[in-house]
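Written below as structure tokens is the structure these notes are about.
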Amino acid sequence: MHSLARRRYHRAAPVILVALLLALVTGVAWAISQATSADAAVTTTADDVTEGQKLFAANCASCHGLDATGTEGVAPSLVGVGAAAVDFQVGTGRMPMQASGPQAIAKRTQFSQDEINQLAAFVASLGAGPAIPTAEQVDPALGDAANGMQLFRTNCAMCHGSVGGGGALTQGKYAPNLWETTPTHVYEAMLTGPQSMPVFNDANITSEGKRDIIAYLEAQDAGSPGGFRLGTIGPVAEGLWGWLIALGLIIASTVWIGARSS
Amino acid sequence: MGTRLNRAAAGTANYVDERTSIGGFVKFFARKLFPDHWSFMLGEIALYSFIILLLSGVFLTAFFVPSMTIVTYDGPLETMQGVEMSEAFASTLHMSFEVPGGLLMRQIHHWAALLFTAAIVTHMARVFFTGAFRKPRELNWLVGFTLMILSLAAGFSGYSLPDDVLSGNGLRIIEGVTRSIPILGEYISFWIFGGEFPGEILIPRLFTMHILLVPGLILALIALHLFLVFLHKHTQYPGGGRTHKNVVGLPLFPVYTAKAGGFFFVVFGVVALVAALFTINPVWNYGPYDPSPVSAGTQPDWYILFIDGALRLMPGWLFDVIPMEWEFWGYTLSWNLLIPAVILPGLFFGFLALYPWIEAWATGDRGEKHVLDRPRNAPVRTGLGVALITFYVILVMEGSNDIIANLFHLSLNDLTYFFRIGIFVIPVLAFWITRRIAFGLQRKDRELVLHGNETGRIVRHEHGEYIEVHEPLDEQERWLRVGYEDIAPLEIEPEFNDRGVRRKGYRWDRFKQRLSRFYFEQRISPVTPEELEEAQHAHH
């Protein structure tokens, strides 16, 4: 039995397994990174516009109208919003809108990236507007995180919080958490100003500045050097944890010490 | 070995005693009796977190540079590279990221500060609800109250030291509040900041206040607080044999010295654990102070949050018609700052500080009290306490309104409208409900004393009657439930004498009577020996 086990589990087996696992993880990660950088470089053809128009008629026209000029009080005109707006709204699942409410909620994407590109091509064909940024424009590795911090603090933090954790706006609207948002979508949001967000065009924040902001947000992925972040919502969370965990644990121990004597 | 050790210890003790006569003190302290209850250790938590604050604070002062001189950051933090900042902020980053153990020490210091204030409030609540502030301890309540205020000053001055955006915004609010004080406000503000906000001298001033002035006062008052505890002797919970004239408990040595010593390490352990696991005040996220940006989720530490909440609650226009900012002869009177941030905390803290005298005066109870009240036996006081806590918690929640709105997907505006009405309604409801619960518990106590515990045993008599057997309480249990004072509301002389002449001072008396009635009109009296006798006869 023992010798059989020794033969089946070769001494090198764990090392080989770990190596294989690493190779698998690296391979998958490479494939994913290829996929994300691929969708940023978009070339459109006339076919895309026709396909996009079909998709638009089937999925968006009930509110935005067949000619995409919008419906008074229901949905805005999409003439001139550009491909970037479509890629952001549809790519983050905000459109098609799930239900009316204070603002459109990000949900699971309803279309493939190809379909989104076709929709974007159609909307872009209606009037000139901002295009989907290139992979280079949104590459966090090329940005300056320190400059991004200063830009973020003056332009974004009042709604999205100091490190992009999100925050409340009026009447149930809110500025979402930015940590899960892809660099392309962050860039497009600044460019097009979705929902309550103002537009930050290139005169406001240059293209490089936008990339610096993306680099700053990307730097948050490393987590906090101080331990768990408690949602990075600041002193309210800290106070709640101070009362519940710190004081809670200590009072529990006073009860324990008190109980042991009597 | 044992005898040699004993001889060495005795020799040392003798050496010290012969030169200081300290033996008498040691004997006195070692034999001092203390009653035992877990809730008597809440004040200890505050004391121990203060010791932790002193220890970790000494470490931090070795690295912190209290200066507002502008430097350019050049350190390991990528997101701050080349950013201009004050030396105070740069040294905070330096101690967090380059000094070994520095960040842990900072987090221990800050978590201990939150715990310090929380423990003080909890301890204060215990003293309030058990009536431990009554004669002869009113002055010690006032000392404790002052310590609470000083802990707020210590906390806020420390929170502002790193000179980051978050704390800078807090200082900006303090500046605005100071300026709202009529006539003097602007002078006080200029005096504090040495000119216009933010100025260049604030951080060094706050530093002196934070490491010298406030902790010095706190230390002195802690000494006075503990001295008075020794002088008055500790209060005790009601129970068999415990009266206003004795203390039932265990000696300080060896029982409490061992317990308290061990408990210090429990407190230190929990603080160190929390500090090692959870980020607190990540100033590197907020960035160096700059008066222009304010980020979402800008709040002070929890103990100042209620003032922030009051400011958020206050409408700029009352009922959309009456402006809360008045202008006359070129002066501005900002009621919208003055009411929530100056008058309201003043009334709240004033009531709290003077409560022992208010209650003694309203109830006319002047005796020395060494046995504590069970909160149910003082229904009005308990109700008032819960109402005050409710009031405070509503302000804290309003201070966190954006966080609550975001987490629970509520409308920020609706939340504020709700709290604007709630701040008047909910504390009154809380008072009423708490008092009713206290009455219910008192009735339950009467029931238990008169009829004993239900045993669940059903017995059938020979003549066919079924009864449930009740087991009478033992003496200790009964003592606990009948041993409280039954105070009737004040009776006053009539308004007119028999000749129809109005009596002087009648109105004042009537006011006192109303207060007394507020406390004692509705009350559940403890079971008297006669009632107990009668009930026992009825059973047999």
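Some observations on this one:
- For residue A:86, the stated conditions hold: it is within 19 Å of residue A:182 (Cα to Cα) and in contact (Cβ under 8 Å) with a residue 12 or more places away in the chain.
- Residue B:146 being farther than 19 Å from residue B:264 by Cα and facing another protein chain (nearest Cβ under 9 Å): no
- Restricted to the range B:401-518, the set of helices (runs of 4 or more DSSP H) holding at least 3 residues that are within 30 Å of residue A:235 (Cβ to Cβ) and of a type in the set (A, V, I, L, M) comprises B:401-407, B:412-451.
- Candidate set: the range A:158-192, residues that are free of Cβ contacts under 8 Å to residues at least 60 places away in the same chain and surrounded by fewer than 16 Cβ atoms within 10 Å (Cβ to Cβ); chosen: the one nearest to the other protein chains (Cβ to nearest Cβ): A:170
- Residues that are at the interface with chain B (Cβ under 7 Å from one of its Cβ atoms) and free of Cβ contacts under 8 Å to residues at least 40 places away in the same chain, drawn from the range A:218-228: A:224, A:225, A:226, A:227, A:228
- Residues that are within 25 Å of residue B:511 (Cβ to Cβ) and either polar (S, T, N, Q) or at pLDDT 95 or above (or both) within the range B:358-377 comprise just one, B:363.
- Those helices (runs of 4 or more DSSP H) of the range B:253-331 in which at least 2 residues are aromatic (Phe, Trp, Tyr) and more than 7 Å from every other protein chain (Cβ to nearest Cβ), considering only elements entirely within it, cover B:257-277.
- For the range B:79-137, residues that are in a helix (DSSP H, G or I), away from chain A (no Cβ under 11 Å) and of a type in the set (S, T, N, Q) total 2.
- Options B:429, B:388, B:354; residue that is surrounded by 15 or more Cβ atoms within 10 Å (Cβ to Cβ) and outside the structural domain of residue B:133 (by TED's automatic domain parsing): B:388
- Checking each residue in the range A:107-131 for being out of contact with any helix residue (DSSP H, G or I) (no Cβ under 6 Å at 6 or more places or on another chain), closer than 17 Å to residue A:188 by Cα and crowded, with 17+ Cβ neighbours inside 10 Å picks out only A:117.
- The helices (runs of 4 or more DSSP H) located wholly in the range A:63-165 that include 3 or more residues which are over 18 Å from the mean Cα position of the chain (by Cα) occupy A:113-124, A:145-155.
The values are calculated or read from the model by the stated rules, or taken from the named source; none is laboratory data. From a predicted model like this one, the values you see are computed outputs, not experimental measurements. So basically every Cβ, Gly included, is an ideal-geometry build from the backbone, and we count neighbours across all protein chains shown.
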